[in-house]
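The values are calculated or read from the model by the stated rules, or taken from the named source; none is laboratory data. Small disclaimer: the values here were computed from a predicted structure and weren't measured. In this analysis, Cβ positions are derived from the backbone assuming ideal geometry, glycine residues included, and neighbour counts consider all displayed protein chains.
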Amino acid sequence: MTQLAGTVALVTGASSGIGRATATELVRRGASLALVGRREERLTALAAQILDIGGKALVLPADVSDARAAAEAVERTVEQLGRLDILVNNAGLMLLGPVPGADLDDWRRMVDTNLLGLMFCTHAAIPHLAKAASDQPRRVADIVNIGALAGRTAFGMSAVYCATKFGVGAFSEALRQELAGRHVRVSVVEPGSVDTELRGHNPAVIQQQLAARLGDIDRLESHDVADTVGYIVTRPRHVAVAELLIRPTEQARS
């Protein structure tokens, strides 16, 4: 497919999981990619795979929770790939546990990455996205923010993670209203349980509790969320998908 031929997309958290799958999906649809993340060796391996299938990828190691690093990643994308049409804010952390006795550094890391990192990248990207929206080939640009079911429903043991994802939803909707007249679409994708390494950032006891809560269900795969992002950014210019919740079929609530 070539719906995105001539466009450039930047994906944060591209070294694994949803970010990696999304980068691959957008390349498949014709976009050139800027791959942003902290693990350079993984980004480099992904870029090599993209090159092997005839795509184009730029490796940009960066910690988006640093405002300057986020802005530099955006600027290097435009300098080296010529433009920016799509921003996918995917970088995130899920560090769970009870509020009493919590490690405050974990809270700060989640707020800095899940919320501020997304905001920093968006702030830097908006002028370039607005320019792309006034130009060919699509005359529209996209910001896709990866939220979570936890941005709609709060769960015990996930208080700060939920707070960051509720923040993503609020920021996305307010920004959508601000940019709608400029044909820069803002979407938030809210996956339920996805089989990625995100859960592995938690102690074994927390992982066991998550497994018990969900039971033996077929979880979403990263490519399911990536396919959703691909759908959103290939809608006609007059169609904006503001919010999309995607759950495993068997996931009743949590």
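For region 39-47, does any single residue satisfy the condition of being touching a Pro at 6+ places or on another chain (Cβ under 9 Å) and of a type in the set (Lys, Arg)? Among the residues of region 39-47, at least one is touching a Pro at 6+ places or on another chain (Cβ under 9 Å) and of a type in the set (Lys, Arg), which makes the answer yes. Being modelled with pLDDT of 95 or more, surrounded by 17 or more Cβ atoms within 10 Å (Cβ to Cβ) and over 18 Å from the mean Cα position of the chain (by Cα): is that true of VAL186 here? Against the criterion (modelled with pLDDT of 95 or more, surrounded by 17 or more Cβ atoms within 10 Å (Cβ to Cβ) and over 18 Å from the mean Cα position of the chain (by Cα)), VAL186 does not qualify.
For every residue, the table says whether it meets (1) among the aliphatic types (A, V, I, L, M); (2) buried (at least 24 other Cβ atoms within 10 Å of the Cβ); (3) under 15 Å from VAL144 (Cα atoms).
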{"site": "GLN3", "(1), (2), (3)": "no, no, no"}
{"site": "GLY6", "(1), (2), (3)": "no, no, no"}
{"site": "LEU10", "(1), (2), (3)": "yes, yes, yes"}
{"site": "GLY13", "(1), (2), (3)": "no, yes, yes"}
{"site": "SER16", "(1), (2), (3)": "no, no, no"}
{"site": "GLY19", "(1), (2), (3)": "no, yes, yes"}
{"site": "THR22", "(1), (2), (3)": "no, yes, yes"}
{"site": "ARG42", "(1), (2), (3)": "no, no, no"}
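Residues that are in contact (Cβ under 8 Å) with a residue 24 or more places away in the chain and within 21 Å of GLU173 (Cα to Cα) number at least 1 in the following strands (runs of 3 or more DSSP E) confined to region 55-150: 86-89, 141-146. If you go through region 70-98 and pick out every residue that is surrounded by fewer than 24 Cβ atoms within 10 Å (Cβ to Cβ) and either charged (D, E, K, R) or out of contact with any Gly (no Cβ under 9 Å at 6 or more places or on another chain) (or both), you end up with 14. Considering (1) of a type outside the set (Val, Ile, Thr); (2) modelled with pLDDT of 95 or more; (3) touching a Pro at 6+ places or on another chain (Cβ under 8 Å), the lone condition that SER193 does not fulfil carries the number (2).
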